[in-house]
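The values are calculated or read from the model by the stated rules, or taken from the named source; none is laboratory data. Note that the structure is a prediction, hence the values are computed from the model and not measured. Positions of Cβ are backbone-derived with ideal geometry, glycine not excepted, and every protein chain shown enters the neighbour counts.
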Amino acid sequence: MYEIIGAPKVVDRKAFQAELDTLLSRRGLFRAISKERKNDCDDYLAANYGRGSLIMKMLTIIVVAALLFPVTTSAQNTQTANVSDIQPLPRDLEIQLALSALPPQLRDNATVYVLNPDKGFEVARKGTNGFHAFVARTGDDAMQGAWPLTKYPEDTLYPISFDSAGAKANMRGFFDIAEMQAKGTQPETLKRLIQERYKTGYYKAPERAGCSYMLSPILRTYVNPDASDNIVTASVPHVMCYAPNVSTTEIGVMPTAEQLRDFIQHGGWMQTPAPFVIHHGPHGYLVHVGGVAEREAIDKEDEAMLARLCKIRDSWCLPAAMSPKH
């Protein structure tokens, strides 16, 4: 046990307090530390030096920083390479892919975002019609389920759009995920933080009815993120209507095991499923999948864009059964 001998006789308390407040206000300081460890630290210091005292605040900073330093250093060393693996798409292709999530009549006046791997999403074009489109590389589905997110996937593609109601609510999670990933937050830490935000109501449900369009001809993401981290490349244009706190039981249908198997094997629905609910809770969606003829028309219209993506990564090539040339 170390003993503190004393303190300087002259202390500029205002300057010292201002510095402490600055440090305490940095939100990232305590994020990597569990509440239990922080509470243990607080209780120990309070017992020895008095709760609320200036010296306790100072020691809290010192002890917590000592606990945090190796964690953040490790995060920077182990995660920088993973984050940099998320290579941005060519800007024109990213904008085209983002806008493909919307119906054609909404594209010209929508706000479009592009991903800056060092910062998060940035506005590429300011719109006027209240719709927002972007391509998530780590989507909110990665935050579902109890499975650990041990590594950021390098090749997920999640073209999605929101109306004004969704932009104020559900879209915030996507942007926070991208920003924290850009700052080097470890995947498991990020997933834990986002799940805690959902649980505590930090992210509010949309204030009114509305829709998120996902009409793009390609989607590479998790098949059933509530259960596992299996990823598939698929062509599944669909529309998601906000369904806060609506359960599958209330809707009464889910894709059958055979439909899910076909989806995994062929990268799309061979038979159009009935509407079903995903992301149960305040941010739930009722998913309406487009029919086969509608999907084939979209795939054909965006054939050139799909070809560019396929040249960049093999995993961005649609399965043969879904290919426009099939």
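Points to keep in mind about this one:
- Those residues of region 141-170 which are under 17 Å from His279 (Cα atoms) and among the aromatic types (Phe, Trp, Tyr), in sequence order: Trp147, Tyr158, Phe162
- Subset of region 207-230 [surrounded by 16 or more Cβ atoms within 10 Å (Cβ to Cβ), in contact (Cβ under 8 Å) with a residue 60 or more places away in the chain and either within 20 Å of the chain's Cα centre (by Cα) or not in a loop (DSSP other than H, G, I, E, B) (or both)]: Ser212, Tyr213, Met214, Leu215, Ser216, Ile218, Leu219, Arg220, Thr221, Tyr222, Pro225, Asp229
- Any pair with Cβ under 7 angstrom, 6 or more apart, that starts in region 183-202 at a residue that is at positive phi and ends at one that is assigned to a helix (DSSP H, G or I): Gly184/Ala75; Gly184/Gln76; Gly184/Gln79; Gly184/Thr80; Gly184/Val83
- There is no residue in region 249-272 that is in the same structural domain as Pro159 (by TED's automatic domain parsing), of a type outside the set (Val, Ile, Thr) and touching a residue at least 60 places away in the same chain (Cβ under 8 Å).
- Screening region 96-128 for residues that are under 16 Å from Tyr213 (Cβ atoms) and among the hydrophobic types (A, V, I, L, M, F, W, C) and picking the one that is surrounded by the fewest Cβ atoms within 10 Å (Cβ to Cβ) gives Leu106.
- Pick from region 118-132, criterion part of a loop (DSSP other than H, G, I, E, B) and charged (D, E, K, R), ranking: nearest to Phe175 (Cα to Cα): Lys119
- Test: residue in region 294-315 that is of a type in the set (Ser, Thr, Tyr), surrounded by fewer than 17 Cβ atoms within 10 Å (Cβ to Cβ), assigned by TED's automatic domain parsing to the domain that holds Leu99 and closer than 29 Å to Gly173 by Cα: yes
- Members of region 273-300 found to be free of Cβ contacts under 8 Å to residues at least 60 places away in the same chain and assigned to a helix (DSSP H, G or I), listed by number: Val292, Ala293, Glu294, Glu296, Ala297, Lys300
- The set of residues in region 184-202 that are β-branched (Val, Ile, Thr), outside any loop (DSSP other than H, G, I, E, B) and under 20 Å from Asp229 (Cβ atoms) comprises Thr189, Ile194.
- Test: Val135 is touching a strand residue (DSSP E or B) at 6+ places or on another chain (Cβ under 7 Å) and either part of a loop (DSSP other than H, G, I, E, B) or more than 23 Å from Asp302 (Cα to Cα) (or both): no
- Subset of region 84-95 that is in a helix (DSSP H, G or I) and in contact (Cβ under 8 Å) with a residue 24 or more places away in the chain - its residue that is nearest to Gly210 (Cα to Cα): Ile95
- Among the candidates Phe174, Phe121, Phe162, the residue that is over 14 Å from the mean Cα position of the chain (by Cα), in the same structural domain as Leu309 (by TED's automatic domain parsing) and among the aromatic types (Phe, Trp, Tyr) is uniquely Phe162.
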